[in-house]
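Comments concern the structure below.
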Amino acid sequence: MIRTFRWKLLTWICLIVPIGVHAQLEKVEAFYQNMAEEKDGQPVTLSFVQPQDSLVEDYSQLYQIVLLRHGEPALDKTGKRKRSGAVQYVHDYDMVGIYPPAFIPLTLQDDELTFIYTSSLNRSISTAQKVFNLEELHRPKSLFREFERKVFAFPNIKLPLKWWLIGSRVMWLMGFNNRGIEGFGAAKRRAKIATRFLEQDAYWNGKTLLVSHGLLNHYLFKYLEKRGWTVVYDGGKGYLSQKMLVKYGKDN
């Protein structure tokens, strides 16, 4: 009888604890949903959950990750171009900074983060500097660079730039057009390594911010979800879009 009682007690504990965690994460998600609704379709400025928000019982057990896409690169992308012009554009795209940000996607409290992770590409570094008015706080890492791209071989005729870029990316995703650059499979493996890095950093520091790129962020987002992180805000795929994920307790 005592053994039966213990098993019943253990079963109830296993049921109650996850429900409690889920309820707290729902409060965090509702917090950001309300924030978005108040903006009524306008750009949303996020902030990390703070202790005074009183959304979770034990703030020390709340881990937060924000993935921020870079701002719009300061580069003309209109008109038609020959292949040589498209090649030059791809080169320049990886070199330029960004236009002044149209809005502030995330605000930070004083000394909230020791540093901000960025890609090693300039548009990511420039975003961290311009959005947060910080010159030294960013920490660039090639691990967070965008999935690579090169313009596919094609007769040197004028085509809309978008055709060159989309066509090149589609062929790369299919396993073609990757000679001399990182292939799709290798890029996804790198994204998985980056996912584990961000997760461990969040466990250590409580909050982690990465300023990175659209396609890489897509896979980081996907892999973090698979590792048990809860999406509380998804700002889409545009420039300066934000994705916030949280976890309550390391083993949940």
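Between the C-alpha center of the range 59-78 and that of the range 114-175 there is a gap of 13 Å.
Rolling a 1.4 Å sphere over the protein heavy atoms, what is the accessible area per residue of the range 71-174, to the nearest Å²? Intermediate values should be presented prior to the final figure.
Details: 5720 Å² over 104 residues.
On a per-residue basis, the range 71-174 sits at 55 Å².
Which trypsin sites (Lys or Arg not before Pro) does the range 176-252 hold that lie in a coil by DSSP with at most 15 other beta carbons within 10 Å?
Details: sites: R179, K188, R189, R190, K192, R196, K207, K222, K226, R227, K237, K243, K247, K250; in loops: R179, R227, K237, K250.
Those satisfying the criteria are R179, R227, K237, K250.
Placing unit charges on each Cβ (+1 for Lys and Arg, -1 for Asp and Glu) gives the range 52-204 a dipole about its Cα centre, and among I166, L55, S142 the Cα reaching farthest toward its positive end belongs to I166.
Test of the criteria: in the range 102-160, which GluC sites (Glu not before Pro) are in a DSSP loop and have at most 11 other Cβ atoms within 10 angstrom of their Cβ? Before the final figure, lay out the partial values.
Numbers: sites: E112, E135, E136, E146, E148; in loops: E112, E135, E136, E146, E148.
In loop regions of the range 102-160 (DSSP not H, G, I, E or B), the sparsely surrounded GluC sites (Glu not before Pro) are E135, E136.
Multiplying the residue separation of W163 and L137 by 0.36 nm and subtracting their alpha-carbon distance yields 5.6 nm. Ligands, DNA and RNA aside, Y117 has an accessible area near 10 Å² when probed at 1.4 Å. Checking (i) 149; (ii) 246; (iii) 126 against the coordinates, the calculated volume of the Cα convex hull per residue in Å³ falls under label (i).
Residue separation times 0.36 nm, minus the C-alpha to C-alpha distance between D110 and F184: what's the value? Could the numbers behind the result be given before it?
On the way: separation 74, 0.36 × 74 = 26.64 nm, distance 3.91 nm.
That works out to 22.7 nm of additional length.
Taken about its Cα centre, the chain carries a charge dipole of about 1660 debye when Lys and Arg each add +1 at the Cβ and Asp and Glu each add -1 at the Cβ.
Taking all Cα pairs closer than 8 Å and separated by 6 or more residues, the relative contact order of the chain comes to 29 percent. Model label sites at S47 and Q200, defined 7 Å from Cα along the beta-carbon direction, differ in position by 3.2 nm. At the residue level, D40 shows approximately 130 square angstrom of accessible surface with a 1.4 angstrom probe and all protein chains present.
In the context of the full set of protein chains, the range 209-252 has a per residue accessible area of 38 Å² (1.4 Å probe). Its relative contact order, with pairs defined as Cα atoms under 8 Å and 6+ residues apart, puts the range 58-167 at 35 percent.
Would you mind telling me the share, in percent, of accessible area of the chain contributed by carbon and sulfur at probe 1.4 angstrom? Could you put the intermediate results ahead of the total?
Values: 7820 of 14030 Å².
So the carbon and sulfur contribution to the accessible surface is 56 percent.
Starting from the Cα-Cα distance between Y59 and M35, subtract it from 0.36 nm times their residue separation and give me the gain in nm to one decimal. Please report the intermediate quantities before stating the final value.
Details: separation 24, 0.36 × 24 = 8.64 nm, distance 2.03 nm.
Gain on extension, Y59 to M35, equals 6.6 nm.
The values are calculated or read from the model by the stated rules, or taken from the named source; none is laboratory data. As the structure is a computational prediction, the values presented were derived from the model and not from experiment. Cβ atoms come from the backbone with ideal geometry, glycine included; neighbour counts cover every protein chain shown. Areas reflect the complete protein model, heavy atoms only, side chains present, ligands, DNA and RNA absent. Shrake-Rupley method; radii C 1.70, N 1.55, O 1.52, S 1.80 Å.
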